[in-house]
Amino acid sequence: MEYIRFQLNVFNYKNFQKMNTLKILKYFLIIITGNFLISCSKDDNPIIENELNGLKLVTTLSNTTHKVELYTLNGKLQTGFNNIFFQIKNTDGTTIDNATASWIPEMNMMSMKHSCPYSPISKAKNSTSTYTGFVVFQMAGSESEYWDLSLNYSINGKDYTVKDRISVVEANRRVVESFQGSDGKRYILAMVEPTAPKVAINDMKAVLYRMDGMMNFPVVDDYKIVIDPRMPGMANHSSPNNTDLVQGTDKMYQGKLSLTMTGYWKINLQLFDAIGTVIKGEKVTETNEGSSIYFELEF
């Protein structure tokens, strides 16, 4: 309305008096329509000022052409499931929005090398130049045994590679299990959710992989993960209304985790194959306080 008043003030009043009603209405319509279009343009096509809001820089990988900045929610890589975001930048700091990329994490041990489960890379939701994927680190690094990350990417048909050492620390609680099952195969099981547990029935997610050699980790399909949450410091009591984890369309295992109070929880696990055979884990009983595989939560 202030804009309209201004336009009327600068309009010659005598001419305004001579104008017929139709011309006056037309003049108002032009002004109002212009303001409406400007408003719609701002609302319908928002400019993303910072796609990295809420994320913290982990490290920067560089080659002679680009630098790749890695981000997570807490600013670190740790054992278990890690959602990782990154941007590829030119030497002048401008971001690349048309790259295709893949990665390979690799653990360099004293006598061997191996990888871990990881996802493909895609463009992050509602972003133009931020890419994302996840990596499941089954062990932490150290000075003598460490992880590195190779990122291969293509821009306008030209291929590039960046590779460097990354720091992977031990998570505060047990959120990943690496074990050999009763079938002689090795598995990696990691908790995805909840990341912010609360006193309620929480959505729970986990990922399950099989280790086929040192570099290949296929998703395990159609198994079941039975959960039994307990509070060891409170007479090992459990909670009602839990739902065991079964595989969803996104290949993750999903269920419900009931947490009835704050404190330390041990999520006892049993892994069953597609025909109902116990692959790993034991049932909690009066004589057995916990399973050999479990996750931990404290809030």
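Which value results for Rg/Rh of segment 90-243 when Rg is the Cα radius of gyration and Rh the Kirkwood radius based on the inverse mean 1/r?
Over the Cα atoms of segment 90-243, Rg/Rh equals 1.03.
Rounded to two decimals, what is Rg over Rh for segment 134-189 when you use alpha-carbon atoms and the Kirkwood radius?
Across segment 134-189, the Cα-based Rg/Rh ratio is 1.12.
Once you have a ≥ b ≥ c as the square roots of the Cα gyration tensor eigenvalues for segment 249-299, tell me rounded if a/c is under 1.5, and otherwise prolate or oblate according to whether a/b is larger than b/c.
It comes out oblate by the Cα gyration axes.
Using the Cα atoms of segment 176-298, I'd like the radius of gyration and the largest Cα-Cα distance, Dmax, both in angstrom.
Answer for segment 176-298, Rg first and Dmax second: 14.2, 42 Å.
Report the Stokes-Einstein translational diffusion coefficient (µm² s⁻¹, integer) for segment 56-169, Rh taken as the Kirkwood radius over Cα pairs, at 10 °C with viscosity 1.306 mPa s.
110
Readers should treat all values here as calculations from the given coordinates under stated rules, not as data from a laboratory. As the structure is a computational prediction, the values presented were derived from the model and not from experiment.
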